[in-house]
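Notes follow once the structure below has been shown.
The values are calculated or read from the model by the stated rules, or taken from the named source; none is laboratory data. On a predicted model such as this, the values are computed, not experimentally measured, just so you know. With ideal geometry, Cβ positions are generated from the backbone for all residues, glycine too; neighbour counts draw on all protein chains shown. Accessible surface areas use protein heavy atoms only, side chains included; no ligands, DNA or RNA. Shrake-Rupley method; radii C 1.70, N 1.55, O 1.52, S 1.80 Å.
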Amino acid sequence: MTRATKLKAAMMEYVEGTIFIAPWFIGFVMFMGFPLGFSLYMSFRKVNVVATGMTSSYVGLKHYKDILLEDGSLLYNDLIPFLQKTLFMVPVIVIFALLIAIVLNQKFAGRSLFRAIFFLPVILSTGQVVSELLTQGEGALGFMSKYNVSGLISGNLPSTWATPLIWILDSFVLILWYSGVQILIFLGGRQTISNSAYEAARIDGAGPWATFWKITLPAMTPFVFLNMIYTVVDLFTFPTNPIIMRVRDSEYGQFSALIWLYFLIISVFLIIIFILFSRATRSQRMTA
C-alpha cells in the first residue's frame, strides 16, 4: 500500500467519523454549549428585567464575592447540611445496589419480575412525586419510631451529624428508590465475571464470603467507581436539593454565579472519587 493510499484511507476514516459525530456536536453547541457559555457570561453581569425586555450591566466578580463572602446563607447554610446527607447517602445506595445486584444475578423463580420491580421506581417516580412523599413523611423505617432510634442518635451524636443521619433514616425507602440504575449497572458488571473463576474457587475450597472478597468485589471495582459518579451526580439533582430551590428564587446573574459555584463543588466531589478509585486500583495491582 502506497503512502498516498494510506493518507486517502485515513482521510476517509476522518471524514466518516466527523459525519457521524456532527449531529451530536451541533446539538451540543446549540442546546448545551451556548446556554452554558451564556450563563457563565451572565454570572459577571447584573440583570434587570424591564418593560421592554432584559438589560444587563457588567459587575465583574461581585456575584461570586456576595455568595462566598457576604451572603453565606445563600450557599453555606443550605449546602453544608445537604453535603452531609450526601456523604451518608452515596455509600448506602451503592452498597445496597451491589448486594441486590448479586442477589438478582442468582437463578430463582420470578427473577425477571424482581428485576423489573427494582427498576420501575426510576421510571415512574418523578421529582415532584418524591418531594411530595418526603413532605408527607413517607419512606421512613418502621423501627425508627418503635425503638426511638432518632432519640438515641440525637443523644449520642452531635447535632451537626445527627440531623442528616435521622433524615436519611426517615426517608430510607425513598432513597433506595434511586438505586435502580445502579443495580442495573452492577448486574451488567457481575455478568462480565466468568463462572469458571467461581468454579475454580469452589474446587479450591473457597466459600461464598471468600469468593465475594477475592473475586466479585475486585472485578466490580470499575463499576463501583462508575456508580459512585452516577450517584453523586444524581443526588446533586435530588428533588430536595436546596441549591436548586435557591436558584429558582435568585436574580438571573446571581443564579448563574451560584450554579457555576455549585458545578465546581460537584467537580471536587468527582475528583475525590477519582483519586480514591485510582488508589484502590493501584493497591489491587500491587497486591496481585
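Key figures for this structure:
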read-out	value
Filtered residues of segment 41-57 (kept if closer than 16 Å to Trp260 by Cβ and open to solvent by less than 70 Å² (accessible area, probe 1.4 Å))	Met42, Ser43, Phe44, Arg45, Val47
Enumeration of residues in segment 201-222 that are farther than 16 Å from Val103 by Cβ, in a helix (DSSP H, G or I) and touching a helix residue (DSSP H, G or I) at 6+ places or on another chain (Cβ under 9 Å)	Ala201, Arg202, Ala210, Lys214, Ile215, Pro218, Ala219, Thr221, Pro222
Sole exception among (1) of a type outside the set (Lys, Arg); (2) at pLDDT 85 or above; (3) at positive phi for Gly205, by number	(2)
Criterion violated by Ser73 - all others in (1) surrounded by 12 or more Cβ atoms within 10 Å (Cβ to Cβ); (2) more than 24 Å from the chain's Cα centre (by Cα) satisfied	(1)
Hey, Ser39 assigned to a helix (DSSP H, G or I), farther than 30 Å from Pro222 by Cβ and modelled with pLDDT of 80 or more or not	yes
Flag for Gly53 being farther than 15 Å from Leu235 by Cα and modelled with pLDDT of 75 or more	no
Options Gly137, Gly60: the member that is in a loop (DSSP other than H, G, I, E, B), surrounded by fewer than 17 Cβ atoms within 10 Å (Cβ to Cβ) and at pLDDT 70 or above	Gly60
